[in-house]
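Q: Structure in structure tokens, see below.
The values are calculated or read from the model by the stated rules, or taken from the named source; none is laboratory data. Since the structure is predicted, the reported quantities are computational estimates derived from the model, not experimental observations. Cβ: placed from backbone, ideal geometry, glycine included. Neighbour counts: every protein chain shown. With ligands, DNA and RNA removed, areas are computed over all heavy atoms of the protein, side chains included. Shrake-Rupley method; radii C 1.70, N 1.55, O 1.52, S 1.80 Å.
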Amino acid sequence: MFILLLVLIAVLFGFGFLHPIWWVAAAVLIYGATSRGRDRGRGRSRGGGSDLDDYRDYRDYRDRRERWDRRYDRQNQARRRREDRRDHQPHG
């Protein structure tokens, strides 16, 4: 597919010497080929495998969230213990 695209661009460039509109067509084709994967980020193409990529993105998000939750729990564990002790002490 990539070779076919390069051949098509070369042919359009060659036709550009006959009429400049072909150079515009070649430029549009080059722009479309290079910016195709930038729409969704990380250079992914619009076609196949997007469900798997979305799953990986979600899994990465979930893993980061779990790490944050564990870190937050460790940092606040001592505070919660102190509050629990205060709540269970007899008032008087």
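Q: Answer yes or no as to whether Arg62 is modelled with pLDDT under 85, loosely packed, with under 12 Cβ neighbours inside 10 Å and not in a loop (DSSP other than H, G, I, E, B). Break it down stepwise before answering.
A: Numbers: modelled with pLDDT under 85: no; loosely packed, with under 12 Cβ neighbours inside 10 Å: yes; not in a loop (DSSP other than H, G, I, E, B): yes.
No: the conditions fail for Arg62.
Q: If you scan the stretch 38-59, which residues turn out to be open to solvent by less than 100 Å² (accessible area, probe 1.4 Å) and at pLDDT 60 or above?
A: Ser50, Leu52, Asp53, Asp54, Asp57, Arg59
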